[in-house]
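The values are calculated or read from the model by the stated rules, or taken from the named source; none is laboratory data. Here the structure is a predicted model, which means the values were calculated and not measured. Reconstructed Cβ throughout: ideal geometry from the backbone, glycine too, with neighbour counts over all protein chains shown.
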Amino acid sequence: MLEILADRTYRHLFAAQVVALLGTGLATVALGLLAYDLAGDGASMVLGTVFTIKMVAYVGIAPIAGAFADRVNRRALLVGLDLVRAFAALCLPFVTEVWQVYVLIFLLQSASAAFTPTFQATIPDVLPEEARYTRALSLSRLAYDLENIVSPTLAALLLAVMSYNSLFLGTVAGFVASALLVVSVLLPSPKASQPRGIYDRTTRGIRIYLATPRLRGLLALNLAAAAAGAMVLVNSVVLVRGTLGLPESALAWTMFAFGAGSMLAALALPRLLDRVADRNLMVGGAALMVLTLLALAGEVATLGLEWPFLLGAWLLVGLGYSAVLTPAGRLLRRSAHAEDRPTLFAGQFALSHACWLVTYPLSGWLMTQHGPVVALGLLAALAGAGALFALRLWPREDPEILEHTHDNLPLDHPHLRGERRHAHPFVVDDEHPRWSSHL
């Protein structure tokens, strides 16, 4: 897996991702503690609102950014967005009111909504071979897991000698370091897409996404991941600090368990994906999350919450979470031409986070109003529904090359070469506006 780091451009991009996520992980711990200081037992509602604002920014900004990502210098765009995120993080230690947190989070996450899909769409251009790209996806998943492992560990150590507000300065350093690493390499220019209207450009990625069966299945699995992930991210602080009465450092170790499970899955996935179909692996990951949440609900209802059991549950949820999300980039790469990848990645970013837009506030509301048993049970049911929909929407047989007949093009069209029926790697585009053997 590590041999792809021999590519200098990818190595610098991966390092930029790592340092930015390390900083973001420190901010996640600090935000949970800040919310608890400002709102006490109402911290779940505050965090639920914070994450909802994050999702609103992602859903609203990502498609617009993706529509114009191929018309802006990628390096300049990524560096500028990193600096905006650093500025917002620098202001967080000085907030005294909840509404100030909301404003700064919206600014920071709006920049992330433009940054992340642009960054993700760059990697297939840097590593065009599928085998190397698959390994890059696993490394990327590992980088995300550092947010849940190294960052909480570092946070736990730092909290022993300083206040949580100081953790936000680590976030600033992460974004600045990311900008310096991105500016140190030349990035491939995106292949220019055809001239299109603003509406067409903004919605094209989402339209391709929703017209592709495997991606409709991916959207259902995104819902499953969002339901389980929201339980972890929104409610861990109340479970650890409120229900269990544990110190601040225990929250960091609890998030460490979730990240450890995700990292273990990411390490195993490159070899597993050589032998197991994406669909089977991803649905299996969703099923693991559902069963784990139900088991934890049963434990809380019968015996009461115990920290070791919570750690084990979050470890298993992390395993399933990574199994669902890591292969997503393979599906996106397979489902679009190179010129459509930026807008398709932006579509995935917006639609997947629309799922979080539902589950974040739902998770906080369920925990606040009904307690952990109801929250765990209903979020498990929602994740289970996502897994079942994925099985229905994503066909078991999903060949990359599809034989099809064109009734939508004249026989002399260059794409047909005089034959209405032909076979080739099939993606939704102008010549193939829908997924069918008859067009």
Open item on the list: Just to be sure I understand, how many residues within segment 273-293 are in a helix (DSSP H, G or I), more than 21 Å from the chain's Cα centre (by Cα) and of a type in the set (A, V, I, L, M)?
Closed with: 1
TODO: For segment 21-41, enumerate the residues that are farther than 18 Å from Pro93 by Cα and within 19 Å of the chain's Cα centre (by Cα).
DONE: Leu21
- [ ] May I ask you to verify whether Leu411 is touching a Lys or Arg at 6+ places or on another chain (Cβ under 8 Å), surrounded by fewer than 16 Cβ atoms within 10 Å (Cβ to Cβ) and over 30 Å from Gly229 (Cα atoms)?
- [x] yes
Task: Pro395, sole failed condition from (1) out of contact with any Ser or Thr (no Cβ under 7 Å at 6 or more places or on another chain); (2) over 24 Å from Leu325 (Cβ atoms) - done: (2)
Open item on the list: Looking at segment 237-262, I want the residues that are in contact (Cβ under 8 Å) with a residue 40 or more places away in the chain and have a partner that is acidic (Asp, Glu) and surrounded by fewer than 18 Cβ atoms within 10 Å (Cβ to Cβ) with Cβ atoms under 9 Å, at least 6 apart or on another chain. Which pairs are those?
Closed with: Val238/Asp41; Gly242/Asp41; Leu244/Glu306
Task: Hits in segment 341-398 (condition: outside any helix (DSSP H, G or I) and out of contact with any Gly (no Cβ under 8 Å at 6 or more places or on another chain)) - done: Gly371, Pro395, Arg396, Glu397, Asp398
TODO: Could you tell me whether any residue of segment 326-339 is in a helix (DSSP H, G or I) and under 14 Å from Thr116 (Cα atoms)?
DONE: yes
Open item on the list: List the helices (runs of 4 or more DSSP H) inside segment 7-118, counting only whole elements, that have at least 1 residues being under 21 Å from Gly170 (Cβ atoms), polar (S, T, N, Q) and in contact with a Ser or Thr (Cβ under 7 Å, 6 or more places away or on another chain).
Closed with: 8-39
Open item on the list: Looking only at segment 399-423, count every residue that is part of a strand (DSSP E or B) and either among the aliphatic types (A, V, I, L, M) or at positive phi (or both) and tell me the total.
Closed with: 3
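Yes/no per residue for (1) at pLDDT 95 or above; (2) more than 30 Å from Pro188 (Cβ to Cβ):
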position: Leu303; (1), (2): no, yes
position: Asp340; (1), (2): no, no
position: Cys355; (1), (2): no, yes
position: Thr359; (1), (2): no, yes
position: Leu382; (1), (2): yes, yes
position: Trp394; (1), (2): no, yes
Open item on the list: Suppose the filter is surrounded by fewer than 22 Cβ atoms within 10 Å (Cβ to Cβ), more than 19 Å from Leu78 (Cα to Cα), at pLDDT 75 or above and not polar (S, T, N, Q); does Ala156 pass it?
Closed with: no
TODO: Considering each of Ala76, Ala6 in turn, give the residue that is under 26 Å from Met263 (Cα atoms), surrounded by fewer than 23 Cβ atoms within 10 Å (Cβ to Cβ) and of a type in the set (A, V, I, L, M, F, W, C).
DONE: Ala6
Open item on the list: Could you check segment 92-106 and list, in sequence order, the residues that are free of Cβ contacts under 8 Å to residues at least 40 places away in the same chain and crowded, with 17+ Cβ neighbours inside 10 Å?
Closed with: Leu104
- [ ] Those residues that are modelled with pLDDT of 85 or more and closer than 12 Å to Ala35 by Cα, I need them from segment 101-119; list them, please.
- [x] Tyr102
Task: Residue in segment 45-54 that is of a type in the set (Val, Ile, Thr), within 18 Å of Phe106 (Cα to Cα) and touching an Asp or Glu at 6+ places or on another chain (Cβ under 8 Å) present - done: no
Open item on the list: So if I check each of Gly174, Gly217, Gly245, which one is surrounded by fewer than 17 Cβ atoms within 10 Å (Cβ to Cβ), at pLDDT 80 or above, out of contact with any Cys (no Cβ under 8 Å at 6 or more places or on another chain) and of a type outside the set (Asp, Glu)?
Closed with: Gly245
